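Report on the following structure.
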Amino acid sequence: MTELSQTALEAMIAAAFAGFPGSGEHLPARLVRDLTNGSIRPDASPRTLARRYPAAKEGELEVAMKTAFRWLESIAGGLVIVSDGNSGEIIEQIAMPPVSGGYGGRSPVGLGLSAMTAMLDRRKRYRNARDFFLHVHIMPDGTYRKKQGKHVEQFGELLLTYRGWDKEAEDLDVPFPDGMPSLDREVCYRYSPQKGYVGFDGERWRCEW
């Protein structure tokens, strides 16, 4: 973390403890403090977090963790993590440097597509596959084990979900939509919180369904 980022992070925590967005007992502020000083790690299990913060109500801790992660990522950057939606395994981790405006200077969908494309370029098993289900999330810097894909899904910010089937548009006699150049000529869809679903559902091309 750069000196400027550290100063900004300290200022953010100080502001939170001073009453914005809450008091020093405001849970996301406490989590940011504990994540920054190493008291907890972003890969900590929900059970571990529940033991450390027993006063948190059911569901409150997960929401607070997501908020704390967003704060940290906006100041210090993070990791873009690609995980296999079927196996739950993490298959790629890409550094996202802190940039004014967030998302490494790109749009959330653009960052997600870039990470997924980079992963496919490096992983022949996925690049050559026609049936796969991938998620792309942002998480704070940390050490995430291969088996923690579900943990990332629970606490990370979703950028993109991408799914492909073992068919081609031509096999189904469906015209390819020229207005969607970012889609492959495979029967597939992608989902992002910003744009909803874009792709083919097995019957027709759809956008925002």
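The values are calculated or read from the model by the stated rules, or taken from the named source; none is laboratory data. All values reported here derive from a predicted model rather than from experimental measurement. Neighbour counts run over all protein chains shown; Cβ positions are idealised from the backbone, glycine included. We work out accessible area using only protein heavy atoms, side chains counted, and drop any ligands, DNA or RNA first. Shrake-Rupley method; radii C 1.70, N 1.55, O 1.52, S 1.80 Å.
Give segment 92-106 a look and list any residue that's open to solvent by 40 Å² or more (accessible area, probe 1.4 Å) and under 13 Å from the mean Cα position of the chain (by Cα), or say none. Show your work before the answer.
Taking segment 92-106 and keeping what is open to solvent by 40 Å² or more (accessible area, probe 1.4 Å), we get 93-95, 97-101, 103, 105-106.
Residues satisfying the conditions are Gln93, Ile94, Ala95, Tyr103.
Within segment 118-169, restricting attention to residues that are within 22 Å of Glu73 (Cα to Cα) and hydroxyl-bearing (Ser, Thr, Tyr), which residue is most open to solvent (accessible area, probe 1.4 Å)?
Checked segment 118-169; the qualifying residue most open to solvent (accessible area, probe 1.4 Å) is Thr143.
Identify all residues within segment 36-89 that are buried (at least 18 other Cβ atoms within 10 Å of the Cβ), within 12 Å of Asp141 (Cα to Cα) and modelled with pLDDT of 90 or more; write none if there are none.
Pro42, Phe69, Gly78, Leu79, Val80, Ile81
Enumerate the helices (runs of 4 or more DSSP H) found wholly within segment 42-146, keeping only those where 1 or more residues are closer than 22 Å to Thr161 by Cβ and among the aromatic types (Phe, Trp, Tyr).
60-76, 124-127
Which of the residues belonging to segment 83-128 are among the charged types (D, E, K, R) and without any contact (Cβ under 8 Å) to a residue 24 or more places away in the chain?
Initially, segment 83-128 is screened for residues among the charged types (D, E, K, R), giving 84, 89, 92, 106, 121-125, 127.
Correct list: Arg106, Asp121, Lys124, Arg125, Arg127.
State yes or no: is Val136 among the aliphatic types (A, V, I, L, M), under 16 Å from Met96 (Cβ atoms) and without any contact (Cβ under 8 Å) to a residue 60 or more places away in the chain?
yes
In this structure, does Glu58 turn out to be in contact with a strand residue (DSSP E or B) (Cβ under 9 Å, 6 or more places away or on another chain) and charged (D, E, K, R)?
When the stated conditions are applied, Glu58 does not pass them.
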